[in-house]
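Mind looking over this structure? Questions follow.
The values are calculated or read from the model by the stated rules, or taken from the named source; none is laboratory data. Keep in mind the model is a prediction, meaning the values are calculated, not measured. Glycine also receives a Cβ, built like all others from the backbone with ideal geometry; neighbour counts cover every protein chain displayed.
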Amino acid sequence: MLRKTPPYIVLKYLFAHKVLSLCYTIHMKLQNKTILITGASSGIGRAMALRAAKDGATVVLAARTADKLETVAQEVTALGGTPIVVPTDVTKIEDIRNLFLKATEGGRKLDVVFNNAGLGFIGKVWELPAEQIQTIINVNTTGMILVAKYAAEVMQRQKYGHLVMTSSLAGLITLPEWSVYVASKWAITGFADSIRYELSPEGVLVTTLHPGMVSTDFFAKEKANQDMSKLDPNALTADQVAEEVYNALFTKQRKIIIPAMSKNIAFLQKYLPSLKDSLFTTSLGKVDYNKTTPQEDEPAFSYVEEVK
């Protein structure tokens, strides 16, 4: 005759099963949720889209290049997510409005907006063509602020949501030959810190992302003008950054600063700026710049004699 299982064993098993189920549910942060991602066609944006897809999330994919977005959409579907493709140029207000109209179509809620579009051209400020300076500000600052504006408009109505904004380590420190890029990212850091006060009473979380060197096509010649491979061969991968963002979702974490070395550099900027300057002056000397000769700016100043 089989012995009956003691009741406490049954209760212990049921409790353990409940805990495991709860842990699994917590880990699936984006299950049955919607995340909107700008800059989703490559790099960190694409990696975040694929991470969200593993939870079965609805992923709103926004970037300028439609065919690249369609490729990411296929990857999202293969991983169990539901993609919504909305080609978007964040320098155009009508595109951003359309993005949020499509994302919230049918009363769909936005649980997360990952405000991630960005680019950079590097060089001494007098060497950068005026058009490149304007492009950096239009994309990295104005575009991101407008995306945040519409995200806030939706989320304050919901009384819920999480806005994650990609700044940079350059949004916490200063760097030679990165002046305009640094300015665009410091602007985003300050902007996010400010709207956090506005959105907190509305139940909306705001987090800024500050990665150090990341191995993505951000540094391709058509998007930037430098080869950073010599500076940090052990750069973060886009997947590592996406995982850090994922872990911070729906928490009150104000800033994601990665890797650990970036926190040290930010500390030096604040308390020992001269030491930080000397370190970066040496390391940035290893960078190969593919600089654009600003010929369109020079003729107007041809009367100024160049001192040799």
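Can you tell me how many residues in the range 163-183 are closer than 22 Å to residue 95 by Cα and surrounded by fewer than 22 Cβ atoms within 10 Å (Cβ to Cβ)?
Of the residues in that region, 0 qualify.
Listed residues 96, 35; which is at pLDDT 95 or above and in a strand (DSSP E or B)?
The match here is 35.
Give the residue, chosen from 9, 26, that is at pLDDT below 90, over 28 Å from residue 162 (Cα atoms), out of contact with any Phe, Trp or Tyr (no Cβ under 9 Å at 6 or more places or on another chain) and part of a helix (DSSP H, G or I).
9
Related question: Looking at the range 151-169, can you tell me whether even one residue there is touching a Gly at 6+ places or on another chain (Cβ under 8 Å), at pLDDT below 95, over 18 Å from residue 42 (Cβ atoms) and in a helix (DSSP H, G or I)?
yes
Follow-up. Going through the range 99-135 one residue at a time, which ones are assigned to a loop (DSSP other than H, G, I, E, B) and farther than 22 Å from residue 48 by Cα?
Correct list: 121, 122, 123, 124, 125, 126, 127, 128, 129.
Within the range 128-173, which residues are under 18 Å from residue 100 (Cβ atoms) and among the small types (Gly, Ala, Ser)?
143, 148, 151, 152, 161
Are any residues in the range 236-267 part of a helix (DSSP H, G or I) and β-branched (Val, Ile, Thr), and if so, which ones?
Answer for the range 236-267, where residues must be part of a helix (DSSP H, G or I) and β-branched (Val, Ile, Thr): 241, 245, 265.
Pick from 125, 139: which is surrounded by fewer than 16 Cβ atoms within 10 Å (Cβ to Cβ) and either touching a Phe, Trp or Tyr at 6+ places or on another chain (Cβ under 7 Å) or without any contact (Cβ under 8 Å) to a residue 60 or more places away in the chain (or both)?
125
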